[in-house]
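Before any comments, here is the structure.
The values are calculated or read from the model by the stated rules, or taken from the named source; none is laboratory data. Predicted model, so just to flag it, every value in this text is computed and none were measured. All Cβ positions, even for glycine, are placed from backbone atoms using ideal geometry, and neighbour counts span all protein chains on display. These accessible areas exclude ligands, DNA and RNA; they are computed on the full protein's heavy atoms, side chains included. Shrake-Rupley method; radii C 1.70, N 1.55, O 1.52, S 1.80 Å.
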Amino acid sequence: TPVPTTQELNAFAGVTGVHPDLDEYYVQWGQPFSRVIAGEIASAGALPMISWEPFTRSTTLAAIAVGQQDAYITSWARAIAAYHHPIALSFAAEMNGYWEDWGPGHATAAQFVSAWRRIHNLFAAAGATNVTWVWTVNNINGMYFSLRPYWPGAAYVNWIGIDGYWWGDSSSSSGLTFSAIFAPTLAQVRQFTTCPVLIAETGGAPGYKVTAIRNLFAGVEHTPGMLGFVWFNIYTRKADWRLQDSPAALAAYQSAAKNSR
């Protein structure tokens with residue numbers, strides 16, 4: 001969610017019958033870490049997961065890698081260390097996506113790795129041991145290059161995140177099954193890590209939500225090493241991903257959750 005609150009989490013639980021174990025939200029580079037927002041999520045019984053996005057033309061991955069943002073990064077590291085409670089953190093997610101300011105054409109894989117390791121090391125120096133590091137890629141369907149050059153190494157990552165959607169009939173469609181959307185990416189990832197995997201962003205476009213929900217629950221449950229998934233439950237200009245806009249989708253989600261492990 002953009003600005004998560006206890007009220008929103010409880011409302012989601014009320015309509016779906018599922019209380020989230022994790023809530024992902026997005027923070028633009030340059031903003032401070034908010035103990036209040038993280039605390040709201042934790043007080044509702046969910047793990048706060050921050051997608052930390054360097055959406056600023058003046059702050060490149062190259063600049064981060066050579067230390068030009070150390071003071072800002074250290075302010076986050078100290079604040080999270082002082083927070084004491086668990087935080088999941090995903091930096092520069094979808095770094096393999098050309099649409100991101102930090103993706104191909106804007107930064108190299110080597111710059112991403114150097115930036116990631118520098119951030120991780122500054123957090124370690126500040127004693128921020130309460131962070132779960134989530135390395136998040138976009139699913140590779142239609143993008144034919146290796147993910148391995150973006151891998152920071154096992155010492156720097158706890159979870160793998162994969163983003164992928166049920167777009168349906170749109171030009172960016174990558175299939176309508178869990179396997180079609182995620183299996184090629186999982187196969188690449190498993191060549192270099194055994195870290196557990198979280199579907200870190202997913203959803204179904206209008207008309208495809210029921211298909212997405214049924215496939216998601218079954219796919220996560222029957223694929224080894226999966227932690228779960230994060231449903232992108234917001235409205236965007238591209239699509240309305242919310243469950244609440246479709247009675248059929250909401251019913252499918254309630255049923256799948258009730259019968260799932």
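Does the stretch 81-100 contain any residue that is at pLDDT below 95, under 20 Å from the mean Cα position of the chain (by Cα) and of a type in the set (Phe, Trp, Tyr)?
Scanning the stretch 81-100 turns up at least one residue that is at pLDDT below 95, under 20 Å from the mean Cα position of the chain (by Cα) and of a type in the set (Phe, Trp, Tyr).
Find all pairs meeting these conditions: Cβ atoms under 7 angstrom apart; at least six residues apart or on different chains; first residue within the stretch 240-252 and farther than 12 Å from residue 208 by Cα and touching a residue at least 40 places away in the same chain (Cβ under 8 Å); second residue open to solvent by 30 Å² or more (accessible area, probe 1.4 Å) and not hydrophobic (A, V, I, L, M, F, W, C).
250/244
Could you run through the stretch 62-115 and say how many residues are in a loop (DSSP other than H, G, I, E, B) and under 23 Å from residue 200 (Cβ atoms)?
19
Please indicate, with yes or no, whether at least one residue in the stretch 101-108 is of a type in the set (D, E, K, R) and within 16 Å of residue 159 (Cα to Cα).
no
If I ask for residues that are of a type in the set (A, V, I, L, M, F, W, C), modelled with pLDDT of 90 or more and loosely packed, with under 13 Cβ neighbours inside 10 Å, which ones from the stretch 1-40 would you list?
36
Looking at 140, 64 in this structure, which one is β-branched (Val, Ile, Thr), crowded, with 18+ Cβ neighbours inside 10 Å and at pLDDT below 95?
140
Could you grab the pairs with beta carbons closer than 6 Å, sequence gap of 6+ or different chains, first residue in the stretch 163-175 and over 14 Å from residue 138 (Cβ atoms), second one assigned to a loop (DSSP other than H, G, I, E, B) and at pLDDT 65 or above?
Short answer, once both residue conditions are applied: 166/208; 168/205; 168/207; 168/208; 173/167.
Would you check if there is a residue in the stretch 44-58 being open to solvent by 10 Å² or more (accessible area, probe 1.4 Å) and touching a Lys or Arg at 6+ places or on another chain (Cβ under 8 Å)?
No; the residues of the stretch 44-58 include none that is open to solvent by 10 Å² or more (accessible area, probe 1.4 Å) and touching a Lys or Arg at 6+ places or on another chain (Cβ under 8 Å).
Name the residues in the stretch 75-107 that are in contact with a Leu (Cβ under 9 Å, 6 or more places away or on another chain), over 16 Å from residue 25 (Cβ atoms) and open to solvent by less than 30 Å² (accessible area, probe 1.4 Å), would you?
Within the stretch 75-107, 77, 95, 96, 102, 107 meet the criteria.
Can you find a residue that is touching a helix residue (DSSP H, G or I) at 6+ places or on another chain (Cβ under 6 Å), among the charged types (D, E, K, R) and closer than 15 Å to residue 15 by Cβ anywhere in the stretch 230-247?
No, the conditions are met nowhere in the stretch 230-247.
Across the stretch 1-39, which residue is farthest from residue 83 (Cα to Cα) among those that are in contact with a strand residue (DSSP E or B) (Cβ under 8 Å, 6 or more places away or on another chain) and among the acidic types (Asp, Glu)?
Among those residues, the one meeting the criterion is 21.
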